[in-house]
Number of protein chains: 2
Amino acid sequence: MTNIRKVAELAGVSVATVSRALKSPDIVSPTTREKVLKAVDQAGYKPNLMAVQFRSQRTYNLVVLVPTIANTFFARVISGIQEAAQERGYGVLLCNTLGNEAMETQYASLVSTRQADGVIQLRAFNPFSEKAFPDGAVLPMINACEVLDDAPCPTVKLDNRAAAREATEHLISLGHRRIGMIKGPRRSPLTRDRQQGYQDALSAADIALDECLLCPGDFTPRSGYQSAETLIALAERPTAIFCESDEMAIGAISRIKEAGLRVPEDISVAGFDDIAFASYSDPPLTTIAQPAEAFGREAVAMLIEVLEGRQVDNLVLPYTLVSRASTATCRP
Amino acid sequence: MTNIRKVAELAGVSVATVSRALKSPDIVSPTTREKVLKAVDQAGYKPNLMAVQFRSQRTYNLVVLVPTIANTFFARVISGIQEAAQERGYGVLLCNTLGNEAMETQYASLVSTRQADGVIQLRAFNPFSEKAFPDGAVLPMINACEVLDDAPCPTVKLDNRAAAREATEHLISLGHRRIGMIKGPRRSPLTRDRQQGYQDALSAADIALDECLLCPGDFTPRSGYQSAETLIALAERPTAIFCESDEMAIGAISRIKEAGLRVPEDISVAGFDDIAFASYSDPPLTTIAQPAEAFGREAVAMLIEVLEGRQVDNLVLPYTLVSRASTATCRP
DNA sequence: GATGGTGATGTAACCGGTTACATTTGGCTT
DNA sequence: AAGCCAAATGTAACCGGTTACATCACCATC
C-alpha cells in the first residue's frame, strides 16, 4: 500500500515535507509543493486516516443513538444530523438501539475506546457509565428530542407541554369536551410532558380529567389502532382523540373507520410530528409539526462545540400546529 | 489517559504481558493474568481501539449507502444491516446519499482511506473510482436491493420482474384489463424490471400495452399523488393501478379519493414493498412484500465473506403477494 | 554436570502519519 | 567577509497497541 514514505521517496523529499505540503501548503516552497503533488498523484496516494486519527486522537466520528430508525420522524432527524455532520467533516455511526439500554451503553463506549468523539442521544437515557465519566466530567454528548429531566449534558428539545396544550386547545376550540388521548411509552418524559399539556388545556377550559380517556401507546401505528379500539368501546365515547404521534394517529383512524365511524364527522383525530404521510392520510392529519431536521442539525452543531471545549446552552425549538381535515367542529 | 503502559507498570509486568493477558489469556500464567486483570480494573483501562485498528489495519466498520433514509422500506433494510453487523462485531457508518453520486463516491473513499472495510450499496451505482480499484480487483462491496446489471461485486436482489408480473396478474385475474402503472425513477433497473414484469403479464393475457397508462414517479407519496391525477384524467380511465412502491400507492389513493372516486370500487390499487403503513392505509394495501430485513442481513454476511477473501454467489430473495382490500373485482 | 526443551516473560520494532527541534540554505546587513 | 535571520527542509520521537524474537528459569534426560 502506498504510504507517505513512498511518496517522499518518489518526490525526493522527506516525509515531513510531504506531510506539510498536504496539510499546510503555505509553508513549503512552490517548487517542492509541485513535486510532492505530482508524486502523490502518480502514486495514487491517499493518507491512511486511521493513522491520522490515531495520531491526533480524534476520529471525527459521531455516534447517534436512535430508538428506532423505522420511525419516519427519526428518519428526518437523522437526515439533519447527517447533513450537518458531513458539512463539518464528521462521519456518523448510526445505532438503532430499539430502546435497549445495554446496547446504548455499548455504543456509547465507542467514545471510551476512541472510535468516536461524541454521542447524540435521541432518547431519555444516559448511556455513559459513572465509571467512564464520573460526575462533573464534561460528557461528550447531546441529548435531543426526548430529553432527560436532569440531563448530564446540553439538550435540544421542543416545548412538548406547550405543543400538546395547543393541540388540545385546538380541539377544545372546535367544541370538543370529551377528548381522548393516546399516549407514548410509559416512562418517557415526552409522554409526561405532553400529557401535562393536555391536562393544562382541559383545566383552562374547566373540563374534568377522565382517566378512562387516557390510553397507552408506544408510537407505532399498531398501538394507535389498539388504543382507538378501547376508546371507541367506551360507554361515553370521545368526540376527539389527541395522539402523541402521527403513526399512532394513522393507526387510530384506521380502527375508527373499521368500526364504521367517520373522521372527523364522528371523531376528530390530531397527531404529533407531521410526518410525510400525514398529508396523505385520509383525511389529511391535523398535527403538531416539529422541525425534525433542525433537531439533527442543532444537535451536531452543539456537540461539536462541546467537543471543542466550549460552553453550550440548552436549546428549545419551535413547533407549529398544522390544521388539516382530520379535526372538525364537534356535532353532538 | 490510561494506556497499556500504565497498566503494565501497575501490575509490575511488561506491556507485552498485559496485551497477552487480555488477548490470549491461555498463554500467560494464572497468577500473572490475575494481577493484570486487577490492574486493568483498577486503572479503568479500555484499549484504545484506534490503536488496535491502526495496527491491524482493519476498522470493523461498514459503510452503508442509502438513497434515502426517509423511506420506510430502507429503514427496514438498515435495521437488518445493523443487527447483523452488530452480531459480527462491525459498526455501521450510515450515509444518506439522496442519490448524489459525488456523495456516494466520497463515502466509498472511506474505504480507500482505511476508515471502513467495505461498502453496502443500496442503489445501482458503482461508487468506486476506476483508479482506486482497477478492473479485476475485488471490490469490498455488496450491491443490494437496486442492483446494477453488470455489478462489479456480488448482489442481493428480488426477482423484480417476476414480482411485478405477479402483482399485475393478480389485477388481471380480478377482471381488470385497463391497468395503469406508476413507475420508479427513469434510469433505475428496478423500474425497468418491474415494467417488464407488468408487460409480461399483459402480453400473457393478450392485453395491448397502452403507453398512456405508464406514468413516471420517484417512489415518494407526492409523485404517486401527481401521477394518479394524470391517470384519472384520461379519457379512458384505468380500473386499476399498479404502483412500484407503497409510498406512491398511498399518494395515489389519496388523489383518487380527492377526485371523488372510491378504492377499490372504482379503481383498484396495488403497491410494492409492504411497508408498515400498508396495513393501516384506507383501504389496506394489496402489495408485494419484500424481506427487507433479510436484504440487510444477507448483505452484511456476504460483505464479510468478501472481506475475508472468500468467494460469494449472488443471491435472489423471495417475495410474496399480500392481498388486502385495495384491489377488487373489476365492475365495468 | 552438560544439554536440550518448554513455558513465561521481557525487549523492541513496527504500523503511518504529525510535529518539535535541528539543520541547511540563501539573502541581507554591517 | 563575517554575522545574522528567516525560510525551507530534514531528522527522529511519538501516538498505543501487537508480536517476532530474545531471554530466562526450571526441569528432564543422558
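Over 27 Å, how big is the tail of the calculated P(r) for segment A:43-193, in percent of all Cα pairs? Spell out each step's value before the answer.
Values: 3892 of 11325 pairs.
Of all Cα-Cα pairs in segment A:43-193, 34 percent lie more than 27 Å apart.
Between segment A:272-332 and segment A:183-209, how many Å separate their Cα centres?
The distance from the Cα centre of segment A:272-332 to that of segment A:183-209 comes to 18 Å.
Work out the FRET efficiency for B:Ala204 and B:Gln311 from their Cβ-Cβ distance, taking R0 = 35 Å, and round it to the nearest 0.05. It would help to have the intermediate numbers written out before the result.
Working: r = 37 Å, r/R0 = 1.07.
Taking R0 as 35 Å, the efficiency between B:Ala204 and B:Gln311 is 0.40.
Suppose all protein chains stay in the model; what accessible area per residue would a 1.4 Å probe give for chain A, in Å²? Kindly include the intermediate steps, with their values, before the conclusion.
Numbers: 14350 Å² over 332 residues.
Per residue, chain A has an accessible area of 43 Å².
What is the Rg over Rh value, at two decimals, for segment A:4-47, using alpha-carbon atoms and the Kirkwood definition of Rh? Please report the intermediate quantities before stating the final value.
Values: Rg = 8.8 Å, Rh = 9.8 Å.
Reported Rg/Rh, Kirkwood definition of Rh: 0.90.
Rg/Rh for the protein assembly as shown to two decimals, with Rh computed the Kirkwood way over all alpha-carbon pairs. Could the numbers behind the result be given before it?
Details: Rg = 28.1 Å, Rh = 27.4 Å.
Result for the protein assembly as shown is an Rg/Rh of 1.02.
Determine the dipole magnitude for chain B: charges of +1 sit on the beta-carbon of Lys and Arg, -1 on that of Asp and Glu, nothing else is charged, the reference point is the Cα centre, and the result goes in debye to the nearest 20. Working shown, then result.
On the way: 34 positive and 39 negative charges, 272 e Å.
Here chain B has a charge dipole of around 1300 debye.
What number do you get for segment A:160-290 when its Cα radius of gyration is normalised by 2.2 N^0.38 Å, N = residues?
Working: Rg = 12.8 Å, N = 131, 2.2 N^0.38 = 14.0 Å.
So segment A:160-290 has a normalised radius of gyration of 0.91.
Check cross-link reach from A:Lys38 to the lysines: straight Cα distance under 16 Å, and skip same-chain residues fewer than eight apart.
Cα-Cα hits under 16 Å: A:Lys6, A:Lys23, A:Lys46, B:Lys131.
Could you work out [θ]222 nm for chain A from helices alone, using -39500 (n - 2.57) per DSSP H run of at least four and dividing by all its residues? Round to the nearest 500 deg cm²/dmol.
Numbers: 11 runs with 139 residues, N = 332.
After summing the helix terms and dividing by residue count, I get -13000 deg cm²/dmol.
Excluding B:Glu305 itself, calculate the net charge of residues whose Cβ lies under 12 Å from the Cβ of B:Glu305, where each Lys or Arg counts +1 and each Asp or Glu counts -1. Working shown, then result.
Values: positive: B:Arg88, B:Arg310; negative: B:Glu298, B:Glu308, B:Asp313.
Neighbour charge sum, excluding B:Glu305 itself: -1.
Rank B:Val300, B:Val111, B:Val312 by mean-square fluctuation in a GNM of chain B with C-alpha springs under 10 angstrom and give only the top-ranked residue.
Fluctuation is largest for B:Val312.
Check cross-link reach from B:Lys35 to the aspartates and glutamates: straight Cα distance under 18 Å, and skip same-chain residues fewer than eight apart.
Of all the aspartates and glutamates, those that pass the test against B:Lys35 - Cα under 18 Å, at least 8 places apart if same chain - are B:Glu9, B:Asp26.
Using a Gaussian network model of chain A whose springs link C-alpha atoms within less than 10 Å, name the residue from A:Ser279, A:Ser29, A:Ser79 with the highest mean-square fluctuation.
Of the options given, A:Ser29 has the highest mean-square fluctuation.
Scattering from the C-alpha atoms of chain B alone, worked out with Debye: what is log10 I(q)/I(0) at q = 0.09, 0.14 1/Å?
Debye intensities relative to I(0), on a log10 scale: -0.58, -1.02.
Rounded to whole Å, give me the distance from the Cα center of segment B:63-101 to that of segment B:33-50.
34
State the dimensionless ratio Rg/Rh of segment A:182-259 (Rg: radius of gyration of Cα atoms; Rh: Kirkwood radius). Display every interim value, and only then the final one.
Values: Rg = 12.1 Å, Rh = 12.6 Å.
Over the Cα atoms of segment A:182-259, Rg/Rh equals 0.96.
Can you tell me which lysines have their Cα less than 27 Å from the Cα of A:Lys257? Leave out same-chain residues fewer than eight positions away.
The qualifying lysines are A:Lys183, B:Lys257.
Could you work out what % of the accessible surface of the protein assembly as shown is carbon and sulfur, using a 1.4 angstrom probe and leaving DNA, RNA and ligands out of the count? Don't skip to the end; give the middle numbers.
Numbers: 14410 of 28740 Å².
C and S fraction of accessible area: 50 percent.
Just to be sure I understand: if you take the accessible area of chain B alone plus chain A alone and subtract the pair, with a 1.4 Å probe, what total do you get in Å², rounded to 100? Walk me through the numbers on the way to the answer.
On the way: alone 16640 and 16600 Å², together 28740 Å².
Its buried surface, counting both partners, is about 4500 Å².
Which residue, A:Ala167, A:Ala102, A:Ala252, has the most motion in a Gaussian network model of chain A that connects Cα atoms within less than 10 Å?
Greatest mean-square fluctuation among the candidates belongs to A:Ala102.
The values are calculated or read from the model by the stated rules, or taken from the named source; none is laboratory data. Predicted model, so just to flag it, every value in this text is computed and none were measured. Glycine gets a Cβ as well: all are built from the backbone with ideal geometry, and neighbour counts include every protein chain shown. Note: areas computed on protein heavy atoms with side chains; ligands, DNA, RNA excluded. Shrake-Rupley method; radii C 1.70, N 1.55, O 1.52, S 1.80 Å.
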